[in-house]
Amino acid sequence: MSEFAPGTRIRVREDFPVGHIRTPVYIRGHQGVVTRKLGTFPNPETLAIGRDGLPKKGLYEVRFRQADLWPDYQGSANDTLDMDIYEHWLIKV
Amino acid sequence: MQEHTHDHDHDHGHDHDHDHGADETAPHAPPQPDEKIHSYYQVLGLALKELLVEKGVITPDEIRKAIEFRDSITPATGAKIVARAWTDPAYKARLLADGSEAIREFGLDMGGTHLVVVENTPQTHNVIVCTLCSCYPRNVLGLPPSWYKQREYRARVVREPRAVLAEFGTQLPGNVEVRVHDSTADMRYLVLPMQPKGTEGKSAEQLEALISRDSMIGVALPSAG
């Protein structure tokens, strides 16, 4: 189990497995910064297929810069997007 | 109840002891035929419900009570929480530290999810979406508005939030950070809007009226009164 301290720069795994994945496609492959750990929760990917979701997975709040997500972003350079992502989708940069 | 100072017959819609006379037979609009065609998943849901009732797993009254309870939670519930946070700094601190725990003081429970309250400040404006489905803080705001569940809002608010906010009538200066929260997991988000200037002396009850559903989703600002 990997731990990510607040401030850790991460990249979201760029992977496209079949199933109930709670990591939206638009965020995969992008870099952001961990802002906090939200806890540990049963893994929704295995819960969705009738299993127990164990072992539990760490859930992190990750902040992305909008300008990094969308090349044509029209808003302010300050704008951000926060997303809750399970640990097995995060790679330390 | 208001004192009755008149003596003519009419329909009050509440209990009283005088005679209604002809009012009871007043014409009503004719009933509309129910032409609703159920979708595949609605039929599946109804079949499941009927089976669960038939097998004695749940009773129709339990289903009715669950719907009644669900419908009893409305944006007015969320407004009470926000107004309390505006008028009680210690409560606000508890709410921001642990939303799920703090709403217990209102007799509310997040069930299997967790409430995260995000505070708007002069520097940061928060807005909530669920791009994967329609996660929404139902236990404090009730059922989501239909636009919240539609693809247009969900797809656009993450990539052009300022344009979407402008369509809701909300213009934010460029130096304010717009922070979109895409609720992808077990957290449910509630925006704590900024208290409008000039409302400082108002009571929590007066403030509740200024706090709309949309201001707690983050697509609008609370009314200044």
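How well do other chains shield peptide B:180-193, expressed as the mean number of their Cβ atoms within 10 Å of each residue Cβ?
Mean number of neighbouring Cβ atoms from other chains: 5.
At what distance in nm do the modelled label points of A:Asp15 and A:Asp52 sit from each other, each positioned 7 Å from its Cα along Cα→Cβ?
Taking the simple label geometry, A:Asp15 and A:Asp52 are separated by 2.3 nm.
Label chain B by shape, choosing from rounded, prolate and oblate, from the square roots a ≥ b ≥ c of the eigenvalues of the Cα gyration tensor; if a/c is under 1.5 it is rounded, and otherwise prolate applies when a/b is larger than b/c, oblate when it is not.
Taking the square roots of the gyration eigenvalues as a ≥ b ≥ c, chain B is oblate.
On a C-alpha basis, how far is the centre of segment A:9-44 from the centre of segment B:38-111 in Å? Whole number, if you could?
28 Å
Order by neighbour count: A:Trp89, A:Trp70, fewest other Cβ atoms within 10 Å first, most last.
A:Trp70, A:Trp89
Rounded, prolate or oblate, given the Cα gyration tensor of segment B:94-161, with a/c below 1.5 counting as rounded?
oblate
Rounded, prolate or oblate, given the Cα gyration tensor of segment A:9-92, with a/c below 1.5 counting as rounded?
Prolate, because a/c is 1.5 or more and a/b exceeds b/c.
Looking at chain B as a GNM with Cα springs under 10 Å, which of B:Gly201, B:Gly111, B:Gly45 has the largest mean-square fluctuation?
B:Gly45
Anything over 29 Å Cα to Cα? Flag those among B:Lys36/B:Lys65; A:Lys56/B:Lys80; A:Lys37/B:Lys65, in the order listed.
A:Lys56/B:Lys80; A:Lys37/B:Lys65
Would you mind telling me which residue in B:Pro144, B:Pro161, B:Pro122 has the biggest mean-square fluctuation in a Gaussian network model of chain B, where springs connect alpha carbons within a distance under 10 angstrom?
Most flexible of the set in this elastic network: B:Pro122.
Could you list B:Met187, B:Met194 so that the one with the fewest beta carbons within 10 Å of its beta carbon is first and the one with the most is last?
Ascending Cβ contact count within 10 Å gives the list B:Met194, B:Met187.
In what order do B:Phe69, A:Phe4 fall by count of nearby beta-carbon atoms within 10 Å, going from fewest to most?
B:Phe69, A:Phe4
A short reminder: the numbers here are calculations on the coordinates, not readings from a lab. Model, not experiment: these values are computed from the prediction. So basically every Cβ, Gly included, is an ideal-geometry build from the backbone, and we count neighbours across all protein chains shown.
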